[in-house]
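To start, the structure under review is shown below, and the notes come after it.
Just so it is clear, none of the values below were taken in a lab; they were calculated from the coordinates. Bear in mind the structure is a predicted one, so any value in this text is a computation, not a measurement. All Cβ positions, glycine included, derive from the backbone under ideal geometry; neighbour counts span all protein chains shown.
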Amino acid sequence: MAEVHPTAIVYPGTVLGEGVQVLENAVVGKQPSLSPRSTAKREPLPPTVIGDGTIVSTGAIVFAGTRIGARVIVGDQACVRERVVVGDDVVVGRGVLVENDTTIGALTKIQANAYITAYSTLEDNVFIAPCVVTTNDNFMGRTERRHELIKGPTVRRGARVGGGAILCPGIVIGEDAFVGAGAVVTKDVAPRMLVVGSPARVLRGVSADELLENQ
């Protein structure tokens, strides 16, 4: 049975799995309020689904049309927008914003105050350090051409992104790659490569003892 704190808001139709906790002042199932100029989709959204054992922490918001797996932590004041799919055993840290139409794989960790832009893909076992910023629009709101090209980064299985790094639109971070803290990633990163700097450049391969297969 789910536990919902008296100060939390759970909108009608929301599906809460066994053992779900919705803590103080959290909001689950919220409908988006879109600007007239927003490019986000506007079709009706299905109910929010929260998997068994997940915790929606104090002040967190989970929008309608989103599916969150089992044993997920949605941290204090985090926000998960509409049409997001989150796998099992994910951590969405304090103050993280996950924008619409994003997919997050199982066992991924997103640490405090990271920004995951719309139309991003994070595969399984990804690590996103605090204050990482992802982007999805090379035209920053100008031109009609941008609509067909908007795409967030794809971060492949086991990749790690260091604190304060910036990932530019549409890039791919390969499996088990490592992006150093503060890097500005403007091009795809090959699997198992460590990149640093602005713009990011290859420093060396990732050490064998750090690869996911050896953990």
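Mind checking the dipole of segment 23-86: about its Cα centre, +1 per Lys or Arg Cβ, -1 per Asp or Glu Cβ, Debye to the nearest 20?
340 debye
Output the relative contact order of the chain, whole-number percent, from Cα pairs under 8 angstrom with separation of 6+ residues.
10 percent
Around residue 180, what is the net charge, scoring Lys/Arg as +1 and Asp/Glu as -1 over all other residues with Cβ under 12 Å from its Cβ?
With Lys, Arg at +1 and Asp, Glu at -1, the neighbours total +3.
Taking the number of other C-beta atoms within 10 Å as the exposure measure, put 178, 139, 127 in order starting with the fewest. Could you put the intermediate results ahead of the total?
Numbers: 178 24, 139 13, 127 20.
If I rank by nearby Cβ atoms, fewest first, I get 139, 127, 178.
Normalising by the residue count of segment 65-164, find the relative contact order in percent from Cα pairs under 8 Å and 6+ residues apart.
Once normalised by length, the contact order is 20 percent.
How large is the Kirkwood hydrodynamic radius of segment 99-215, counting all unique pairs of alpha carbons, in Å? Could the numbers behind the result be given before it?
Details: mean 1/r = 0.0715 Å⁻¹.
Kirkwood radius, segment 99-215: 14.0 Å.
Looking at segment 63-160, which GluC sites (Glu not before Pro) are in a loop (DSSP not H, G, I, E or B) and have at most 10 other Cβ atoms within 10 Å?
Listed in order of number, the matching sites are 144.
Quick query: amide H of residue 134 versus all other amide H atoms, modeled in the peptide plane; which residues come in under 5 Å with a sequence gap of 5 or more or a different chain?
Under 5 Å from the amide H of residue 134: 115, 117, 167.
Using DSSP, restrict attention to beta bridges with both residues in segment 99-215 and report what percent are antiparallel, rounded to the nearest 5.
For segment 99-215, the DSSP antiparallel bridge percentage is about 15.
Counting Lys and Arg as +1 and Asp and Glu as -1, what is the net charge of the other residues whose Cβ lies under 15 Å from the Cβ of residue 29?
Once all neighbours under 15 Å are counted, the net charge is +3.
Taking a ≥ b ≥ c as the square roots of the Cα gyration tensor eigenvalues, with a/c under 1.5 meaning rounded and otherwise prolate when a/b beats b/c, else oblate, which class fits the chain?
Numbers: a/c = 2.32, a/b = 1.39, b/c = 1.66.
In terms of gyration-tensor shape, oblate.
Exposure proxy check: 147, 5 ranked by fewest other beta carbons within 10 Å?
147, 5
Write down the percent of antiparallel bridges among all DSSP beta bridges whose residues are both part of the chain, to the nearest 5. Please report the intermediate quantities before stating the final value.
Working: 4 of 53 bridges.
Around 10 percent of the beta bridges assigned by DSSP in the chain are antiparallel ones.
Please arrange 143, 14, 108 by how many other C-beta atoms lie within 10 Å of their C-beta, fewest to most.
Listing 143, 14, 108 from fewest to most nearby Cβ atoms yields 143, 14, 108.
Residue 84: net charge of surrounding residues, Cβ under 13 Å, Lys/Arg +1, Asp/Glu -1, itself excluded?
Values: positive: 30, 41, 67, 81, 83; negative: 82, 99, 101.
Local net charge: +2.
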